[in-house]
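Please read the structure below before turning to the comments.
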Amino acid sequence: MSKRALVIGINHYQHFNSLSGCVNDAQNVKNVLELHANTDKDRNFEVELLVTEPDQGLSKNFIKDRIETLFQHKRDMSILYFSGHGYVENTGGYLITSECRRGDNGLSMNDILVMANASPAQNRIIILDCCHAGSFGQNTLHQNNVSVSEGVTILAASAADQYSIERGGAGVFTSLFIHAMEGGAASILGEITAGNIYSYIDKAMGETEQRPLFITNVRRYTPLRKIASQITLEQLRQITALFHEGPEQPFELDETFEPESGKAIPENVQKFEVLQKYNRVNLVVPVGASKPHMYHAAMEEKHCELTPQGKSYWVMVKNGVI
């Protein structure tokens with residue numbers, strides 16, 4: 001799978017207040033993108049990291065050229081991440097580069113979206129951790145200057161009229177993005193998608209003075225990263241066989257399912273192992289037992305049933321989505 005990311009962090013500015021956490025944020029994003037966190041630590045993205053030094057900035061023209069290069073190639077996924085100053089006015093939003101004297105000297109968010117829209121890459125994801133990052137979405141949705149083409153996703157740290165907050169030398173949004181990519185936003189199969197990342201960040205931020213923005217035009221999410229899965233795909237697909245009468249069906253248990261009961265039947269023990277895995281990932285719950293454990297449900301001849309999440313996965317397996 002061909003995946004590439006351009007990761008930009010600007011701390012140092014000639015005419016604006018310098019920042020403290022953007023370079024570190026960019027380095028952390030690079031680290032979390034380069035490798036999957038699955039058992040084999042497989043290679044994930046090829047990452048180009050651009051960060052400022054105290055005596056060396058990043059110019060608008062240089063960054064624009066690198067973004068053009070990122071989006072001009074056909075591949076499975078291209079990601080642009082930017083951390084630095086942002087600016088907004090009536091004409092739209094801008095990413096401020098090191099040499100800018102005014103906010104509108106920066107790189108137009110509108111121009112970046114034009115490049116992303118025209119890209120032959122199957123998936124294009126733009127992640128902005130800067131003040132007024134939501135201008136990207138505002139310019140797109142309200143002024144109708146540029147539409148989001150199919151395959152484009154935008155994750156912005158704040159609304160158009162909001163600042164993006166740094167705490168402890170790191171951006172609040174990027175810190176949550178890192179946590180999400182480390183596994184906080186993973187599905188039970190260990191897949192982390194842009195939609196799950198936004199949901200994780202949105203819930204974690206709560207009702208703060210900074211609200212993230214999510215815009216996407218994709219038919220199906222492609223994982224940005226994979227971690228060690230809590231359950232195998234083969235085990236998950238057994239859900240329709242175990243609950244063969246439908247997602248509302250209870251699964252009756254008895255001592256023959258528990259391997260240490262003295263009455264175990266090998267076939268039932270194998271089914272019980274899968275049901276216990278379902279229980280650990282909140283797909284199944286024991287019902288009616290003296291204690292809320294699968295062991296007690298089996299020993300006391302009770303049953304288990306699918307949770308709402310379990311019913312959702314049952315439908316996806318039945319429909320061939322998984």
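The values are calculated or read from the model by the stated rules, or taken from the named source; none is laboratory data. Here the structure is a predicted model, which is why all the values come from computation and not from measurement. As a convention, Cβ positions derive from the backbone with ideal geometry for all residues, glycine included, and neighbour counts pool all protein chains shown. The protein model used for the area step is the full one, side chains on, heavy atoms only, and it has no ligands, DNA or RNA in it. Shrake-Rupley method; radii C 1.70, N 1.55, O 1.52, S 1.80 Å.
Structure notes:
- Here the chain is treated as a sphere whose radius is the Kirkwood value from Cα pairs; by Stokes-Einstein at 37 °C and 0.692 mPa s it diffuses with a coefficient of 151 µm²/s.
- Estimated FRET transfer efficiency (Thr69, Lys41; beta-carbon r; R0 35 Å; 0.05): 0.80
- Using a Förster distance of 51 Å, the FRET efficiency for Glu252-Gln122 (Cβ separation, nearest 0.05): 0.65
- Cα-only Debye scattering, region 92-203: base-10 log of I(q)/I(0) at q = 0.14, 0.18, 0.22, 0.23 Å⁻¹: -0.63, -1.00, -1.28, -1.33
- The trypsin sites (Lys or Arg not before Pro) of region 184-293 meeting both criteria, a DSSP state outside H, G, I, E and B (loop) and at most 16 other C-beta atoms within 10 angstrom of the site's C-beta, are Arg219, Arg220, Lys263.
- Of the GluC sites (Glu not before Pro) found in region 197-266, those in coil by DSSP whose Cβ has at most 13 other Cβ atoms within 10 Å are Glu207, Glu209, Glu245, Glu248, Glu260.
- Column: log10 I(q)/I(0), Debye, Cα scatterers of region 186-322, q = 0.09, 0.13 Å⁻¹: -0.36, -0.66
- Charge dipole (debye, nearest 20) of region 156-288; +1 at Cβ of Lys and Arg, -1 at Cβ of Asp and Glu: 580 debye
- Built amide H within the under 5 Å cut-off of Arg225, gap 5+: Ile192
- Beyond 21 Å in Cα-Cα separation lie the following of the pairs Lys291/Lys311; Lys41/Lys226; Lys277/Lys311: Lys291/Lys311.
- For the set Cys100, Cys131, solvent exposure ranked by accessible area (probe 1.4 Å, protein chains only) runs largest to smallest as Cys131, Cys100.
- If you plug the beta carbon distance of Glu53 and Asn90 into 1/(1 + (r/R0)^6) with R0 = 51 Å, you get a FRET efficiency near 0.90.
- Whole-angstrom gap from region 210-246 to region 58-105, using each part's C-alpha centre: 32 Å
- Over the chain, dividing the summed -39,500 (n - 2.57) contributions of all DSSP H runs of at least 4 residues by the number of residues returns a 222 nm mean residue ellipticity of -9000 deg cm²/dmol.
- Backbone amide hydrogens, once placed in the peptide plane, bring Gly93 within less than 5 Å of Met109, Asn110, excluding anything fewer than 5 places away on its chain.
- Seen from Val321, the other residues with C-beta closer than 15 Å to its C-beta sum to a net charge of +4, counting Lys and Arg as +1 and Asp and Glu as -1.
- Karplus (6.51, -1.76, 1.60) ³J(HN,Hα), θ = phi - 60°, over region 82-97, in Hz, Gly and Pro reported as x: 9, 10, x, 6, x, 8, 9, 8, 4, 7, x, x, 9, 9, 8, 9
- Taking amide hydrogens as placed 1.01 Å from N in the peptide plane, the amide H of Ala160 sits under 5 Å from those of Gly134, Ser135, each at least 5 positions away in sequence or on another chain.
- Student exercise, the chain dipole from Lys, Arg, Asp, Glu Cβ charges, in Debye to nearest 20: 660 debye
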